[in-house]
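The values are calculated or read from the model by the stated rules, or taken from the named source; none is laboratory data. Quick caveat, the model's predicted, so the values are computed rather than measured. Glycine gets a Cβ as well: all are built from the backbone with ideal geometry, and neighbour counts include every protein chain shown. Protein only, heavy atoms only, side chains kept; ligands, DNA and RNA dropped before computing areas. Shrake-Rupley method; radii C 1.70, N 1.55, O 1.52, S 1.80 Å.
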Amino acid sequence: MRALTWHGKRDVRVDTVPDPKIEEPTDVVVRITSTGLCGSDLHLYEFFGPFLSPGDILGHEPMGIVEETGPEVTALTAGDRVVVPFNVSCGDCWMCRQGLQSQCETTQVRNEGMGASLFGYTKLYGQIPGGQAEYLRVPFGNTLPVKVPHGPNDERFVYLSDVLPTAWQAVAYADVPDGGTVAVLGLGPIGEMAARIALHQGAGQVIGVDLVPERLIRAREHGVHVLDMSEYGDHVAEEIRRLTDGRGADAVIEAVGMEAHGASAAEAAQRLVGLLPDSLAEKAMQRAGVDRMTAFNTAVDAVRRGGTISIAGVYGGAMDPVPMLTMFDKQIQLRMGQANVRRWVDDILPLLNDDDPLGVEGFATHQLPLDQAPQAYETFQAKDDHMIKTLLIP
């Protein structure tokens, strides 16, 4: 089959690789019909090379048609249409029963001290072949895939793999009071969808912060009060306070993460780590603070006293400095983590109807053949061609 594989920093290629096969009696093999390109994939493209091996298949936002089932699979049959959550979770362990599928005890990567395995995402998360491919082996066929109806096009459902549950959890963790204000830092796919969900759930005001014109325009069109970082810069938290009677936002969703703009020293450190041999770079990332903390520090500044910060952006450093005195003094509540995809599916599915209240139809700015994936990564990294969300079609 054809699959998008990692070969080095900013070097991904579509190669011919062996087809996946049934390995366990509860496996299924899915023929991929659509698969997303995620901002988290760019971390692999740019930063997480020490934890990847040449030939690793990337991608964690797939959906498709069941082609083959293992002998113990009873919930699906060949021909069923499914979305594959990015968490590789069993659905039966204690953590999964608590709705914490991202901490699944069956697939935890214990030798790395990490939580549940993820599709297409480094040895820290199990080095499981990903979904930017023509076919994908999916374990736990009775409990992991989300069966969806035939008929509507893929874009109606594909975001159940990651974008929708990640944004939904970000809003749930933000705990925005009825009629309250939430500020969303970063209006990429997760941040923008979180803003839409917050408005749908009754937030009185959603303030979105970014510096990419296309993102700001899209968010404004969906009712978000947008702030352009290139205009407000270091004063964005001050403007958020001005919009909230001087207090700050009731909640801040931080959807940027470790590659935020405006942290030149940390950016230089990231580049330095990227020049080290893999063994040294791996140790540096596991033992040092190498994240750009601008977005996090802005969240601490912009949230009101007694408010909540919900972190959806990915971080990779082990010893990042955080303003503990300020956080303690402001009585900030902090929640974060990989989305527990299966936890939120039942809440989200009823909204994927013909009324489309979250605007999933047309959410992708680009739909490209899988063979164009390397160019798509390059374009997405550079924020060129008005690219905000891309679906790859094998």
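Computed values, structure above
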| item | result |
| --- | --- |
| Sequence ranges 76-85, 244-253, 361-370, ranked by mean other-Cβ count within 10 angstrom, highest first | 244-253, 76-85, 361-370 |
| Cβ charges +1 (Lys, Arg) and -1 (Asp, Glu), total dipole of the chain, debye | 700 debye |
| Span from the the stretch 137-179 Cα centroid across to the the stretch 199-223 one, whole angstrom | 21 Å |
| Highest-fluctuation residue, G179, G223, G39 considered, GNM on the chain with Cα pairs under 10 Å | G179 |
| Alpha-carbon centroids, the stretch 5-67 and the stretch 348-394: separation in whole Å | 17 Å |
| Solvent-accessible area, 1.4 Å probe, carbon plus sulfur percent, for the stretch 76-204 | 48 percent |
| Positive dipole terminus of the stretch 130-186, leading residue within A170, P145, G180 (C-beta point charges) | P145 |
| Alpha-carbon centroid distance for the pair the stretch 80-107 / the stretch 308-326, whole angstrom | 25 Å |
| The stretch 315-354 shape via C-alpha gyration tensor axes, a/c threshold 1.5 | prolate |
| Rounded to 5, percent antiparallel among DSSP beta bridges of the chain | 50 percent |
| Solvent-accessible area per residue, Å², over the chain with all protein chains present [probe radius 1.4 Å] | 41 Å² |
| Surface accessible to a 1.4 Å probe, R10 within the full protein complex, Å² | 140 Å² |
| Unit Cα scatterers, Debye sum, the stretch 1-143: log10 I(q)/I(0) for q = 0.14 Å⁻¹ | -0.63 |
| Partner lysines for K21 [C-alpha distance under 22 Å; skip if fewer than 8 residues away on the same chain] | K123, K147 |
| Rh by Kirkwood over Cα pairs, then Stokes-Einstein D for the chain at 0.692 mPa s and 37 °C, µm²/s | 155 µm²/s |
| Nearest 10 degrees, 0 to 90: helix 278-287 Cα axis against the chain principal axis | 50 degrees |
| Rg ratio (alpha-carbon, reference 2.2 N^0.38 Å) - the stretch 40-120 | 1.27 |
